[in-house]
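Take a look at the structure set out below.
Bear in mind these aren't lab numbers, they're just calculated from the coordinates by the rules spelled out. Because the structure is a prediction, the values reported are computed rather than measured. Glycine gets a Cβ as well: all are built from the backbone with ideal geometry, and neighbour counts include every protein chain shown.
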Amino acid sequence: MSERIPVFIYARDPLSQAGIASQLRGRPEVLVVDDADVDAATVALVVADEVDDETTRAAKALQRNGCPRVVMVITRLDDPGLLAAVEAGACGLLRRSDAVPERLAAAVESAASGDGTVPPDLLGRLLAQMGRLHRQVLAPRGLTFSGLSEREITVLKLVADGLDTAEVANQLFYSERTVKNVIHDVTTRLNLRNRTHAVAYAVRQGLI
C-alpha cells in the first residue's frame with residue numbers, strides 16, 4: 001500500500017468536523033490528523049456552509065501554516081463563492097451533499113498529486129465567471145490572467161533574448177524611457193527585484 005495522505009479537517013462546527021473525519025477514517029489512503037499535527041498535513045479540507053470571509057481566511061491561514069493544498073467542502077456554492085474559493089487558493093471544490101467517503105478520498109488524492117476537483121456543472125460556471133472577469137476587468141486594462149499585458153510580455157521576451165534597453169526600444173519603436181517604465185511597472189506590480197527576476201517570473205508562468 002502506498003503511503004497514506006495526511007489530511008487536516010477544518011470546520012467551525014465541531015459536528016461537521018467530526019462527521020467528515022468519520023467519513024475518511026475508514027479510507028486506507030488517508031490519515032486524518034488533529035490540530036497538533038496540522039503542519040504535517042498535505043491536504044486540508046475546509047468544511048463550511050458557504051464561501052464567506054471566514055471560510056477564505058481559514059483557507060489562506062492553513063496555506064500560510066504549511067498545508068499547501070486546500071479542498072473546500074461547501075453546502076451552498078453560488079457564483080461569487082466560486083471565485084472567492086479560487087482567490088483563496090482552493091485546489092478543489094466539493095458539495096457537502098456529494099461528500100461521501102469515496103468522493104472525499106478522491107478529492108484528497110487529486111489535491112495531493114497537484115490536480116484539482118470541481119463538479120462538472122460548477123466548472124462550467126467557473127469558466128463563465130473567468131470569461132466575464134477577463135472581458136470586463138482585465139481586457140479593458142490591457143491585462144491577461146498572468147497579470148501582464150501583451151506589451152509587457154513582448155518586452156520581457158526580448159530581454160530574455162539578451163537585448164539591452166536600447167535594442168528593445170529600437171526593435172519595438174519605443175523610447176528607452178518607455179521600455180524602462182514597462183519593466184519598472186512589472187517589477188513593482190508583481191513585487192519582483194529586477195529585470196532578471198521579471199524574466200524568470202515570465203518563464204515560470206509559461207509566458208515566454
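Give the shape of region 111-193 as rounded, prolate or oblate, defined through the alpha-carbon gyration tensor: a ≥ b ≥ c are the square roots of its eigenvalues, a/c under 1.5 means rounded, and otherwise the shape is prolate if a/b is larger than b/c and oblate if not.
Values: a/c = 3.19, a/b = 2.16, b/c = 1.48.
Here region 111-193 falls in the prolate category.
Remark: the Ser97-Glu150 segment gains 14.8 nm on full extension, using 0.36 nm per residue and subtracting the alpha carbon distance.
To the nearest 20 debye, what is the magnitude of the charge dipole of region 75-175 about its Cα centre, counting +1 on the Cβ of each Lys and Arg and -1 on the Cβ of each Asp and Glu?
440 debye
For region 5-135, with only Lys/Arg (+1) and Asp/Glu (-1) charged at the beta-carbon, what is the dipole magnitude about the Cα centre, in debye rounded to 20? It would help to have the intermediate numbers written out before the result.
On the way: 14 positive and 19 negative charges, 58 e Å.
About 280 debye.
For the peptides 159-168, 61-70, residues were scored by their other Cβ atoms within 10 Å and the scores averaged per peptide; the highest-first order is 61-70, 159-168. Which label belongs to the value computed from this structure, given these candidates for log10 I(q)/I(0) by the Debye sum over Cα atoms at q = 0.09, 0.11, 0.19 Å⁻¹: (i) -0.48, -0.65, -1.21; (ii) -0.30, -0.46, -1.48; (iii) -0.42, -0.60, -1.30? Matching entry in (i) -0.48, -0.65, -1.21; (ii) -0.30, -0.46, -1.48; (iii) -0.42, -0.60, -1.30: (i). Inter-label distance, Gln171 to Leu123: 3.8 nm, where each label sits 7 Å from its Cα along the C-beta direction.
Helix 14-25 and the long axis of the chain differ in direction by around 90°, with both axes built from C-alpha atoms.
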